[in-house]
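Q: Below you'll find the structure I mean.
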Amino acid sequence: MTADPRIGPPLRGGERETLRAFLDYHRATLAMKCAGLTDEELRQRSMPPSTLSLLGLVRHMAEVERAWFHRVFEDHEAPMVWSDEIDFQAAYDASGSTRAEAFGAWEAEVERSRRIEKEAESLDVTGRQPRWDKEVSLRMVMVHVLLEYGRHNGHADFLREGVDGTVGA
């Protein structure tokens, strides 16, 4: 694995600064887990019958970013990236995907999410979560997405180890 490019969160930051930094740290962790691998290695599945792969995690997190930032705060009807319905599992099957496709979509969604967060006046800004038809705060969205990254970066640790034996960070 390449050198660790991540910037750690502030040790004494405010709430918003800390949430933003932890999200970016976890986004960078996912990218780092995929660094230096070929498309074929990124598509390597964990174990049958699971379709889970590093590339599938990247695709899944593009869907998560879109569902929780774009659809909540900008366009409730925005289509998902890889499914006609909101099916987060559909993104896991990356059998025909490439690094360029998956990372292109994920990076675009991350940039949109960052813009939405930075433009919001406060963490108390609300949007409507279309799946629940409920109002949610930016704070709740940031925490939810952070937890998604934490869970899936744990999967990425095991997947990367299975591909080439790389462990850590």
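The values are calculated or read from the model by the stated rules, or taken from the named source; none is laboratory data. Owing to the predicted nature of the structure, the values given are computational and were not obtained by experimental measurement. Using ideal geometry, Cβ is built from the backbone for each residue, glycine included, and neighbour counts are taken over all protein chains shown.
Q: Take residue 38 and tell me if it is within 27 Å of residue 143 (Cβ to Cβ) and among the hydroxyl-bearing types (Ser, Thr, Tyr).
A: It is false that residue 38 is within 27 Å of residue 143 (Cβ to Cβ) and among the hydroxyl-bearing types (Ser, Thr, Tyr).
Q: At pLDDT 95 or above, under 23 Å from residue 137 (Cα atoms), touching an Asp or Glu at 6+ places or on another chain (Cβ under 7 Å) and in a helix (DSSP H, G or I): does that describe residue 17?
A: In short, no.
Q: Given the condition of a type in the set (Val, Ile, Thr) and either part of a helix (DSSP H, G or I) or without any contact (Cβ under 8 Å) to a residue 12 or more places away in the chain (or both), answer yes or no: does some residue in the stretch 72-94 qualify?
A: yes
Q: Of the residues that make up the stretch 5-26, is at least one of a type in the set (Ser, Thr, Tyr), touching a helix residue (DSSP H, G or I) at 6+ places or on another chain (Cβ under 7 Å) and more than 17 Å from residue 100 (Cβ to Cβ)?
A: Among the residues of the stretch 5-26, not one is of a type in the set (Ser, Thr, Tyr), touching a helix residue (DSSP H, G or I) at 6+ places or on another chain (Cβ under 7 Å) and more than 17 Å from residue 100 (Cβ to Cβ), which makes the answer no.
Q: Testing residue 154 on (1) surrounded by 13 or more Cβ atoms within 10 Å (Cβ to Cβ); (2) over 15 Å from residue 20 (Cβ atoms); (3) free of Cβ contacts under 8 Å to residues at least 60 places away in the same chain, one condition comes back false. Which one is that?
A: (1)
Q: What is the residue count in the stretch 71-102 for residues that are farther than 28 Å from residue 48 by Cα, crowded, with 18+ Cβ neighbours inside 10 Å and in contact with a helix residue (DSSP H, G or I) (Cβ under 8 Å, 6 or more places away or on another chain)?
A: Summing the residues that are farther than 28 Å from residue 48 by Cα, crowded, with 18+ Cβ neighbours inside 10 Å and in contact with a helix residue (DSSP H, G or I) (Cβ under 8 Å, 6 or more places away or on another chain) in the stretch 71-102 gives 2.
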